[in-house]
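Computed from the coordinates by the stated procedures, all read-outs in this text should not be read as laboratory data. Just so you know, these numbers come straight off a predicted model, no measurement behind them. As a convention, Cβ positions derive from the backbone with ideal geometry for all residues, glycine included, and neighbour counts pool all protein chains shown.
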Amino acid sequence: MRQVRIIGKEPSFHLGKIVCIARNYAEHIRELGNEVPDRPVFFMKPASSVIGEGERIVIPDFSQNCQHEVELALLIGRPCKGISSADAMSAVAGYGVAIDLTLRDVQNELKSKGLPWEVAKAFDTACPLSDFVAAAAVRDPQNLAISLRVNGEVRQDATTALMLRPVPQLIAEIAAIFTLEAGDVILTGTPAGVSRLCSGDRVTATIAEVGSLNVTVA
């Protein structure tokens, strides 16, 4: 079972479910031509999709358009169900840097047929994920610079202040549907600037006060 850790703390957590939030930044919604949802849009990634610092992304051969999406990741530190927004931050043990990889051509085909997206989101290596910093090390998760570079070129550059649904609201909305457990991870959405990755690309995702994540494309 894969482990995730908070830097400088023991023990590590058994990685649980990875809950991802779609359409949480207005400019990203616009760049993909989607509508702003009335309710949060969730999807899941399995633990088997996670890779770490210095590892390689393997793009499936049935896709010609794998895109990067840098995201603030939340590590849940205790079980919570039906938690209020006011209490939600007490469940956060740490913050990390994640890259939600999306097979955009596959996703678009599935969406056009009214089918689920998991094939486009849950493949092996689809979730590069850093180690976490303790929650107390981040002053305000809604005011963090977030960026992604490919081969040194800036592709995404924004701030978490642009989230449509802030972190406490996201936790409460998820926990209203199913129980969050220690070791679960929430990906909080991506800002605008997503684009295609190619073989040999070097990808660096950075979030202020949280850290950086470096991976390459096989």
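Some notes on this structure:
- Ranking of K17, K113 by count of other Cβ atoms within 10 Å, fewest first: K113, K17
- Taking every alpha-carbon pair within the chain, the share separated by more than 23 Å comes to 41 percent.
- Counting neighbouring Cβ atoms within 10 Å and putting the fewest first, the residues V41, V50 line up as V41, V50.
- The count of lysine pairs in segment 3-217 with alpha-carbon distances below 19 Å, taking only pairs 8 or more places apart or on different chains, stands at 7.
- The relative contact order of the chain, computed from alpha carbon pairs under 8 Å that lie at least 6 residues apart in sequence, is 33 percent.
- Length gained on full extension, S199 to H14: 63.5 nm, using 0.36 nm per residue less the C-alpha separation.
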